[in-house]
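Just so it is clear, none of the values below were taken in a lab; they were calculated from the coordinates. As the structure is a computational prediction, the values presented were derived from the model and not from experiment. When we count neighbours, we look across all protein chains shown, and the Cβ atoms used for this are built from the backbone with ideal geometry, even at glycine.
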Amino acid sequence: MTRTPARGATRAAALALGVTLLAAGCGNGDDTGGEGADSSGGWTEPAQDLAADITYSVWDQTQVAAIDENLAAFNEKYPNIDVTVNVTPWGEYWTKLQTQASSDTLPDLFWMNGPNIGLYASNGKIEPITGEVEAGAIDPASYPSSLVDLYTVDGTQYGVPKDFDTIGIWTNTALFDKAGVDLPTGDWTWQEFQDTAAEISEKLKSDGVYGAAGGMDGQTTYYNTIFQAGGYVVEDGTSGYATPEDQAGIQFWTDLMESGASPSMQQLTDTTADQWFTSGKLAMYWGGSWFRAALQDEALAKDVTVLPLPTDEEQATVIHGVANVVAASSTNKEAAQALQVFLASKDAQQQQGDAGSVIPAFTGTQSAFTASMPDANLQVFLDAVAYAKPLPVSNNSAAWNALETDLLPQAFSGAKPVDQVTADLAKQMDAALAEE
Amino acid sequence: MTTSTHDPRVVASPEVAAARQGRSTRSRRPGGQRRPPLRRDGVWPWLFVLPLFTGVAVFYLWPIVNTAYLSMTRSGPFGGSTFIGFGNFTELVADPQLYTSLGNTLVYTGIVALGIPIAVYVASLLNLPGLRFAQFYRVLFFLPYVAMPTAIAMVWRVMFNGDFGLVNRALGVVGVDGPYWVSDSSTAIVAVAIVGLWSSLGFSVIVLGAGLKTIPPELYEAAELDGASTWRQFRSITVPLLTPSIFFVTIITVISSFQLFDLLYAILGSANPVLPQSMSLVYLFYREGFVNNDKGYAAAVAMVIFLVIGVVTALQFRMQRRWVQDV
């Protein structure tokens, strides 16, 4: 079923046409659009002398060095594609992207995340990678399957992850020693976790040290416990918060705060859990694998090790990863897709991994990550892929994410009963989901 | 001379009468020749206004018209809207968030407006004859105004920290157990307003200081000869003659207070659980439009803000006649 337009012919035409190459590129790119009826493969590797200026938008300054390495390798293959990297800080990235999408001036290639993929894909703002996959240029089997699913909207694949992150418990072993509490080994239960945290808070009270910190954001805390209790956050357009499993997942954090194992809601608003941890006042911090970068220059890094999340009904952690996607409105789609394919390749992801800022998604490129803190047992984050569940998202995740941040703190702080808050949240969330 | 032109009874010529009623004040050329009516100038005056008008039209008027239209639509995150009439407004009027955020905005505006009397007092202190380092003090008061709100907010956020902040440490010294300023719903908006007051003080002091310079020193000399105390001079000369400047400062302060967003956003932080109880009108607008992707509803909030500011400003102009001196 694969159509293979002669590469030589394309190249000859390109050479002959010279400056009109760009226009040819456009026409070619348009063929790969979502229609699917006329073309079977849809994507072919562009000629190496393809000339274009494209933009690539990202939000993380710390990854720019690795991206520059990637682009140097890319330009060895395509010397005439000039890539401009735009870094917009996280806070403004999505606002800016939305404005650009409204006026069809999106960057040619840009970073996408789970909560937003549904919104952009369902509005036809990004180009599917169906063509690249069918042509064999990108093989979805090379990446964690839960993340491949994350970037599949209504059966169409829009991107593959460039990296991934899972959640583990960053642990300050010095505080365990000080409190005289044994470091847990192997898998552990919710109850064991709660007891350990409470014991440390109790024994180190005079130092203002806490055993663990309560939930403020879903990805690192309560989504994990909801999954562990066997619940779900959103499925088939309905909220799971009214289920007893979800209530148990929320109750976990209420208990942690009530027992004094965790600082109060207000304390955690003033000083976030990661700040408590890096200032040596928190023994166990539920955090993403990305937190490693923050520990790099901290003196306490030598005392840090990672524990797996505790288990309830099942073992679970949230997995998420960023994907490179091509704008549907791009006028240089051929060049943008060439870069997209390159960045998804094993070589490019190996480069990313070796640069050490993220865990690359391509299977077998992750060893540099675990080696970056050899004594910290970072393997926990990689092992977690086996039982990881993708970050819960829908076509307008932001609407109900706002509801979660509005309502759940009342349950965590004990201001309102958990079942009342979750029932209310489920109702409002269902209404928001119905509007999508 | 000064008094005669302000007395309606001694108005002599129709031109002056016209001028006082706000019609053309340029009806006489310096030479005394009558100026031809405006309509005979043709296109020229309009061409001179054009550069400014284009800017205003493109960046202010057109967006207002567009927002008004958008507020009557249900609009997707990337545009593409359907007209629904006043649906957003009926929904908004029934939305408790509107009243919470309106209340917070009023509390904020009230506290920041307290800065105006303080600014009057500070400005007159800075204007005392013979004050050394006056320029230095002026710079000191003005610095917060020119500093970036986000930078200010970050510093204050650290100072307001409930466990480790400077504010609560200072309160602790005098035996007061300070609250969790920015994470307690009863104090969050007050904390933001304290910063708002502090950072807008400099602007008011500079404007009022300029106003003070226009008060003739003879008045003070005369008052002193009559035996008026410094306080009496302040009350009976400085304040009344400063009222036009105070009026201007009040208008500007109130309008900018109603537009409270950046300070609140940066001091409280977008993940703060007390935000639903502590947000301002503009924050509600931001949240609906850019977080929940409901652009039509956000536009309706924007129209309400527009309306509220319009009404409050109109009210202030009406009340101006009661208390602002005609200098």
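Some notes on this structure:
- Both the radius of gyration and Dmax for the range A:257-305 are 11.4, 34 Å, in that order, over alpha-carbon atoms.
- Spatial separation of Cα centroids for the range B:302-327 and the range A:85-120, in angstrom: 41
- Residue among A:ASP154, A:ASP195, A:ASP347 with the largest mean-square fluctuation in a Gaussian network model of chain A, springs linking Cα atoms under 10 Å: A:ASP154
- Within straight-line cross-link reach of A:LYS178, aspartates and glutamates at Cα separation under 13 Å, skipping those fewer than 8 residues along the same chain: A:GLU199, A:GLU202, A:ASP207, A:ASP303
- For A:ASN123, net neighbour charge (Lys/Arg +1, Asp/Glu -1) across residues whose Cβ lies under 14 Å away: -2
- Calculated FRET value between B:VAL146 and A:LYS77, using beta carbons and R₀ = 60 Å, to 0.05: 0.75
- Kirkwood-based Rg to Rh ratio, the range A:331-436, C-alpha trace: 1.16
- Listed by chain and number, the lysines whose C-alpha is less than 25 Å from the C-alpha of A:LYS162, apart from same-chain residues fewer than 8 away, are A:LYS77, A:LYS96, A:LYS125, A:LYS333, A:LYS346, A:LYS389.
- For chain B, dividing the convex hull volume of the Cα atoms by the residue count gives 223 Å³ per residue.
- With N counted as the residues of the range B:200-327, its alpha-carbon radius of gyration over 2.2 N^0.38 Å works out to 1.50.
- A viscosity of 0.890 mPa s and a temperature of 25 °C, combined with the Kirkwood radius over C-alpha pairs in the Stokes-Einstein formula, give the protein assembly as shown a diffusion coefficient of 80 µm²/s.
- Volume per residue for the range B:159-220 equals 126 cubic angstrom (convex hull of Cα atoms).
- Euclidean distance of C-alpha centroids, the range B:137-215 and the range A:134-201, integer Å: 42
- Between A:GLY288, A:GLY280, A:GLY180, the GNM of chain A built on Cα springs shorter than 10 angstrom shows A:GLY180 fluctuating the most.
- Computed over the alpha-carbon atoms, the range A:276-367 gives an Rg to Rh ratio of 1.09, Rh here being the Kirkwood radius from the mean inverse distance.
- For chain A, convex hull of alpha carbons as volume per residue, Å³: 136
- Estimated from helices alone, the mean residue ellipticity of chain B at 222 nm is -19500 deg cm²/dmol (sum of -39500 (n - 2.57) over DSSP H runs with n ≥ 4, per residue).
- Around A:PRO374: net Lys/Arg minus Asp/Glu count, Cβ-Cβ under 13 Å: +1
- Entry note: the range A:148-225 has Rg to Rh equal to 1.16, where both radii use alpha-carbon atoms and Rh is the Kirkwood radius.
- Percent of Cα pairs exceeding the 18 Å cut-off, where the set is the range A:242-397: 70
- Inter-centroid distance (Cα atoms) of the range A:207-267 relative to the range B:233-269, Å: 45
- Backbone amide hydrogens, once placed in the peptide plane, bring A:THR189 within less than 5 Å of A:THR311, excluding anything fewer than 5 places away on its chain.
- FRET efficiency, 1/(1 + (r/R0)^6) with R0 56 Å, evaluated for A:ALA434 and B:THR214 via beta carbons: 0.35
- Taking B:ALA299, B:ALA222, B:ALA94 as the candidate residues, the one with maximal mean-square fluctuation in a Gaussian network model of chain B, Cα springs under 10 Å, is B:ALA222.
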